[in-house]
1. Applying the selection to segment 39-85, what residues are of a type in the set (G, A, S) and touching a helix residue (DSSP H, G or I) at 6+ places or on another chain (Cβ under 6 Å)?
2. Could we say that S51 is on the phi < 0 side of the Ramachandran plot, modelled with pLDDT of 90 or more and over 12 Å from the mean Cα position of the chain (by Cα) here?
3. Tell me, please, whether a residue that is over 30 Å from H14 (Cβ atoms), touching a strand residue (DSSP E or B) at 6+ places or on another chain (Cβ under 8 Å) and aliphatic (A, V, I, L, M) can be found in segment 38-54.
4. Going residue by residue through segment 124-134, is there one that turns out to be among the small types (G, A, S), surrounded by 13 or more Cβ atoms within 10 Å (Cβ to Cβ) and at pLDDT 80 or above?
5. Based on what the data block shows, is C95 out of contact with any helix residue (DSSP H, G or I) (no Cβ under 6 Å at 6 or more places or on another chain) and crowded, with 19+ Cβ neighbours inside 10 Å?
6. Would you point out the residue of segment 50-72, among those that are in contact (Cβ under 8 Å) with a residue 60 or more places away in the chain and not small (G, A, S), that is surrounded by the fewest Cβ atoms within 10 Å (Cβ to Cβ)?
7. Looking at K19, K9, K80, K15 in this structure, which one is assigned by TED's automatic domain parsing to the domain that holds C147 and of a type in the set (K, R)?
8. Considering only residues that are at pLDDT 90 or above, touching a Ser or Thr at 6+ places or on another chain (Cβ under 7 Å) and part of a loop (DSSP other than H, G, I, E, B), which ones fall in segment 73-93?
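The values are calculated or read from the model by the stated rules, or taken from the named source; none is laboratory data. These numbers were taken from a predicted model, which means no experiment stands behind them. All Cβ positions, glycine included, derive from the backbone under ideal geometry; neighbour counts span all protein chains shown.
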Amino acid sequence: MSGSASVPKCPVCHKSDVKKLDGQCVLCLHCSSWLRRVYRFCGACLREWSSDCPVDSTCNLPNCALRAALLSTNRINNPKYSVNGCPYFRACPTCRALLTHTGQGCPNIVCPQCHTSFCFRCLHQICNGIGIVDLNFRLQGHRIERCTIVENSMSLTALGL
């Protein structure tokens, strides 16, 4: 469960009336009653438990670990960093590689796997927020607003996860 010992809330009903089974499998008592069938989900990636996966194992759904990392509530917490407040993990918008930021310099990073450049804050490949490009704009007298930190839910949707 993303490195946490706590049991997550159900992704369907958002209630905490759940029971952690073996492995990553979690049973939602409320949804099981409401759906009139056993409803289980993965405690890491929060998707419905695959019927062909044993309850006492790890999730066998594609990209479970990537999705779990992107759903993590861990944030970069250092006011001196340009990426302060961002989720700790991001997925490259091109190749889905799991990345984090060093905290040093501007928020723009280059994926070491596919060499795509993007802003760690807003996830855009061309960012008009803070960064190296902005220094040139500021020198020319332009006022640049900081880009907005987006949640990883946008990455999950865009990447089909």
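1. First, pick out the residues of segment 39-85 that are of a type in the set (G, A, S): 43-44, 50-51, 57, 65, 68-69, 72, 82, 85.
If the condition is that a residue be of a type in the set (G, A, S) and touching a helix residue (DSSP H, G or I) at 6+ places or on another chain (Cβ under 6 Å), then A44 is the only one that fits.
2. Numbers: on the phi < 0 side of the Ramachandran plot: yes; modelled with pLDDT of 90 or more: no; over 12 Å from the mean Cα position of the chain (by Cα): yes.
So S51 does not fit the description; no.
3. Our first condition is that a residue be over 30 Å from H14 (Cβ atoms); within segment 38-54, this holds for none.
Scanning segment 38-54, I find no residue that is over 30 Å from H14 (Cβ atoms), touching a strand residue (DSSP E or B) at 6+ places or on another chain (Cβ under 8 Å) and aliphatic (A, V, I, L, M), so the answer is no.
4. Residues of segment 124-134 among the small types (G, A, S): 129, 131.
Imposing the further condition that a residue be surrounded by 13 or more Cβ atoms within 10 Å (Cβ to Cβ) reduces the set to 129, 131.
From the residues that got through so far, the ones that are at pLDDT 80 or above too are none.
For segment 124-134, residues among the small types (G, A, S), surrounded by 13 or more Cβ atoms within 10 Å (Cβ to Cβ) and at pLDDT 80 or above: absent.
5. On the way: out of contact with any helix residue (DSSP H, G or I) (no Cβ under 6 Å at 6 or more places or on another chain): yes; crowded, with 19+ Cβ neighbours inside 10 Å: no.
Considered against the rule, which asks whether it is out of contact with any helix residue (DSSP H, G or I) (no Cβ under 6 Å at 6 or more places or on another chain) and crowded, with 19+ Cβ neighbours inside 10 Å, C95 comes out as no.
6. Keep residues of segment 50-72 that are in contact (Cβ under 8 Å) with a residue 60 or more places away in the chain, which gives 63, 66-72.
Still in the list and also not small (G, A, S): 63, 66-67, 70-71.
On the way: N63: 17, L66: 19, R67: 24, L70: 25, L71: 20.
Here the residue is N63.
7. On the way: K19 fails: assigned by TED's automatic domain parsing to the domain that holds C147; K9 fails: assigned by TED's automatic domain parsing to the domain that holds C147; K15 fails: assigned by TED's automatic domain parsing to the domain that holds C147.
Exactly one residue qualifies, and that residue is K80.
8. Hits for segment 73-93 are Y88, F89, C92.
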